[in-house]
1. Multiply the residue gap between ASN110 and GLU139 by 0.36 nm, knock off their C-alpha separation, and tell me the result in nm, one decimal place.
2. Return the FRET efficiency for the residue pair PHE118, LYS70: r is the Cβ-Cβ distance, R0 is 25 Å, and the value is rounded to the nearest 0.05.
3. Using 0.36 nm per residue, how much length does the chain from LYS61 to ASP125 gain when fully extended, once their Cα-Cα distance is taken away?
Amino acid sequence: MGKKRTTLRLAVCLAIMLGIAGSWSAPVYAKGKKLLALEGTVFDLKSSTSGLAVYGYVSDKEKHPVKGAKVIIKSNTGGKGEGLTESSGFWGFGGLEDNATYTVEAKKANLGSKKTTFKIKKDEDENFIINFRFKGIDE
């Protein structure tokens, strides 16, 4: 079995585990019921591949997955990609370059858009997880 196949299978398993964990997790609150999770927050995850990836979920105000949201990624080196979220709200892009800055935007007509920017350092060996939550409810 090739390295790419093994890597892809590991990524799919991780995505499934994140989906299961995410569906059973509850929001974390500080004193005074202030939500600690931030919109568009970037979380690092140790990479199991030689290439870098960014992936995550798009949800609505009620934390339901948003299917069919357009996710666009652009780098300061001129690279660009786009895709639609799955029924689980999952999206992802691979083949990211180190020593580059990326902007990721999620948008859907009835919900608006959310955007965040992150930088990959030279010789970075970690993937990135970015979750977006819209302020409206997906109908």
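Nothing in this text is a laboratory measurement; each read-out follows from the coordinates by a stated rule. From a predicted model like this one, the values you see are computed outputs, not experimental measurements. Cβ atoms come from the backbone with ideal geometry, glycine included; neighbour counts cover every protein chain shown.
1. Values: separation 29, 0.36 × 29 = 10.44 nm, distance 0.83 nm.
Additional length available on full extension: 9.6 nm.
2. Numbers: r = 19 Å, r/R0 = 0.76.
In this case the efficiency is close to 0.85.
3. Numbers: separation 64, 0.36 × 64 = 23.04 nm, distance 3.27 nm.
Contour length minus the Cα-Cα distance gives 19.8 nm.
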